[in-house]
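Below is one structure, written out as structure tokens; comments come after it.
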């Protein structure tokens with residue numbers, strides 16, 4: 001009798017939430033100590049710099065430097081002075097535009113090249129396809145820190161120095177290897193039969209790619225696009241080396257070089273700059289969390 | 001001439017006699033050549049060629065605005081006797097080792113926490129990744145402000161709590177500066193490690209844990225004998241990436257300290273930038289960058305080993 005009730009109870013627990021697993025074996029106080037408390041501490045540490053960024057960018061100057069009279073963890077009479085100063089008195093909109101232009105350009109170029117190469121490697125099975133795949137993986141492991149000096153002289157030789165175009169041409173070396181590997185993973189999951197049908201119906205390789213493979217790999221393309229876009233926005237060392245004149249800079253470079261003066265009141269506009277520069281990515285991320293995570297983990301798992 | 005050629009395949013196909021052009025069109029290798037061309041062009045022009053050029057430049061005395069002459073190993077001999085270079089090597093190794101070890105420990109712990117059942121699981125997971133999304137330089141600027149020598153919120157809080165009596169000079173003191181940049185690096189790297197390891201954890205079947213629990217395994221034993229062995233391959237890959245990116249880190253240091261105080265946080269990448277671009281001695285900068293390659297090769301070899309092992313495991317499990 002007791003056995004059967006236990007069994008039905010266990011079955012009910014399993015049926016009610018399959019993902020719950022064995023967590024019913026734990027008591028609540030134990031869960032608080034081993035799960036919620038450490039998780040809460042880690043989340044607070046991870047998010048605090050952003051809270052601080054937002055708070056500083058809307059704090060009036062006198063509250064920023066007087067930590068005795070005003071509690072620094074809160075703000076009284078928030079102001080948009082720093083943000084409006086940033087947008088209307090500096091070249092910030094121009095830098096934001098540059099960053100966007102470079103990121104979009106480089107991302108589109110890279111995705112186009114990656115779709116072609118991923119398709120060739122996974123489906124055309126040409127001579128040496130595996131070797132090419134491995135070489136592209138190695139290209140992913142070459143860091144910008146060892147390339148920026150020779151690249152600066154290459155860019156100089158091509159006459160592209162101090163032009164955002166140089167970044168559009170150079171960033172694909174960071175993005176293509178990653179996107180190719182990610183897309184190879186997606187292309188492998190598309191059944192061969194679809195392609196064979198199209199071949200019998202007289203489709204060319206190009207038509208197969210554009211009309212069958214690409215539409216089926218849209219989730220992969222979105223992942224690759226978002227991850228590439230984020231990488232471009234984040235890139236620093238090439239932009240710092242190649243771009244010299246103030247109006248041509250990207251947001252990360254401009255923030256580090258243009259805002260840093262001896263002024264103790266710089267912090268408000270500096271934090272506003274960091275906040276406004278991060279927002280587009282955070283918003284994009286909020287819309288495409290799943291794609292982002294699958295891009296990040298997909299490239300590692302492949 | 002070309003119009004004649006392109007109209008050829010249709011006629012040839014109709015008569016059943018494949019022309020040279022249509023045979024070439026049907027050839028996989030020829031098609032693959034065109035498909036690979038854009039990728040190959042980018043990677044050769046802007047990756048492979050500069051990589052070789054960098055090694056070559058390290059054997060010359062090239063400066064900004066002046067072509068260099070071949071000087072053999074002189075740059076390397078110069079660096080060999082340069083105490084700042086050796087300090088940067090030491091800093092890089094210290095930074096990489098400590099930051100990677102902490103990132104691994106906290107990242108794995110966080111992944112294990114996130115893998116458990118709890119309310120708002122999806123939202124918490126997405127929040128965890130935010131430090132990784134925000135551009136490093138911009139979050140580094142926030143850390144710069146948090147580490148400020150006069151208005152640091154950490155100093156303020158610790159003083160109010162009565163733990164210390166005067167402000168900590170986070171980025172002005174040698175040891176504190178090192179600890180501060182390592183903390184900022186760990187802060188940014190933990191989400192990446194945690195989320196990728198979490199993806200690995202989710203592939204581990206819960207029935208293994210249930211069976212082990214029935215057999216009386218403790219929490220630690222379940223981790224040690226189920227989670228850890230199944231996770232080893234992905235740990236190898238993730239940590240290789242993490243080590244690689246930490247070793248070649250530039251932007252965090254440049255935004256926070258620019259190598260100071262007294263070169264205490266100069267990494268090889270930042271020193272290479274300072275010597276190569278700011279001082280204009282391209283040859284010497286390239287030599288410092290080239291000196292990083294052996295370390296990177298070691299990391300890549302480990303990654304390769306980890307991947308091979310993963311393939312072997314997949315093959316044997318017959319899933």
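The values are calculated or read from the model by the stated rules, or taken from the named source; none is laboratory data. What you are looking at is a predicted structure, and each value in this text was computed from that prediction instead of being measured. So basically every Cβ, Gly included, is an ideal-geometry build from the backbone, and we count neighbours across all protein chains shown.
Summary table
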item	result
Some residue of the range A:107-116 being part of a loop (DSSP other than H, G, I, E, B), at pLDDT 85 or above and either surrounded by 15 or more Cβ atoms within 10 Å (Cβ to Cβ) or touching a helix residue (DSSP H, G or I) at 6+ places or on another chain (Cβ under 8 Å) (or both)	no
Elements of type helices (runs of 4 or more DSSP H) in the range B:93-199, at least 3 residues being modelled with pLDDT of 90 or more, farther than 22 Å from residue A:39 by Cβ and in contact with a helix residue (DSSP H, G or I) (Cβ under 8 Å, 6 or more places away or on another chain)	B:136-146
Scope the range A:262-288; condition at pLDDT below 85 and either outside any helix (DSSP H, G or I) or surrounded by fewer than 19 Cβ atoms within 10 Å (Cβ to Cβ) (or both); matching residues	A:262, A:263, A:264, A:265, A:266
Filter result for residue B:212 (surrounded by fewer than 21 Cβ atoms within 10 Å (Cβ to Cβ), at pLDDT below 90 and in contact with a helix residue (DSSP H, G or I) (Cβ under 8 Å, 6 or more places away or on another chain))	no
Qualifying positions in the range A:52-80 - in a helix (DSSP H, G or I), at pLDDT 85 or above and closer than 16 Å to residue B:148 by Cβ	A:52, A:53, A:55, A:56, A:57
Residue tally, condition modelled with pLDDT under 90, surrounded by fewer than 20 Cβ atoms within 10 Å (Cβ to Cβ) and assigned to a helix (DSSP H, G or I), over the range A:81-106	7
Enumeration of residues in the range B:284-303 that are surrounded by fewer than 24 Cβ atoms within 10 Å (Cβ to Cβ), part of a helix (DSSP H, G or I) and either modelled with pLDDT of 90 or more or facing chain A (nearest Cβ under 9 Å) (or both)	B:290, B:291, B:293, B:294, B:296, B:299, B:300, B:303
Single residue of A:171, A:119 found to be in contact (Cβ under 8 Å) with a residue 60 or more places away in the chain and closer than 29 Å to residue B:138 by Cβ	A:171
Meets criteria (crowded, with 24+ Cβ neighbours inside 10 Å, without any contact (Cβ under 8 Å) to a residue 24 or more places away in the chain, under 20 Å from residue A:106 (Cβ atoms) and in the same structural domain as residue A:297 (by TED's automatic domain parsing)) for residue A:150	yes
Total residues in the range A:189-209, condition within 14 Å of chain B (Cβ to nearest Cβ) and within 27 Å of the chain's Cα centre (by Cα)	1
Test result for residue B:76, more than 9 Å from chain A (Cβ to nearest Cβ) and either without any contact (Cβ under 8 Å) to a residue 60 or more places away in the chain or buried (at least 21 other Cβ atoms within 10 Å of the Cβ) (or both)	no
Pair list, Cβ under 8 Å, 6 or more apart: the range B:136-164 residue more than 10 Å from every other protein chain (Cβ to nearest Cβ), other residue in a helix (DSSP H, G or I) and surrounded by fewer than 18 Cβ atoms within 10 Å (Cβ to Cβ)	B:147/B:154; B:164/B:158
Unique residue being in the same structural domain as residue A:107 (by TED's automatic domain parsing) and more than 13 Å from residue A:115 (Cβ to Cβ) when the list is A:221, A:194, A:216, A:183	A:194
Selection count where residues are within 18 Å of the chain's Cα centre (by Cα), more than 7 Å from chain A (Cβ to nearest Cβ) and not in a helix (DSSP H, G or I), scope the range B:230-260	1
Count - residues of the range A:117-131 that are assigned to a helix (DSSP H, G or I) and more than 7 Å from chain B (Cβ to nearest Cβ)	7
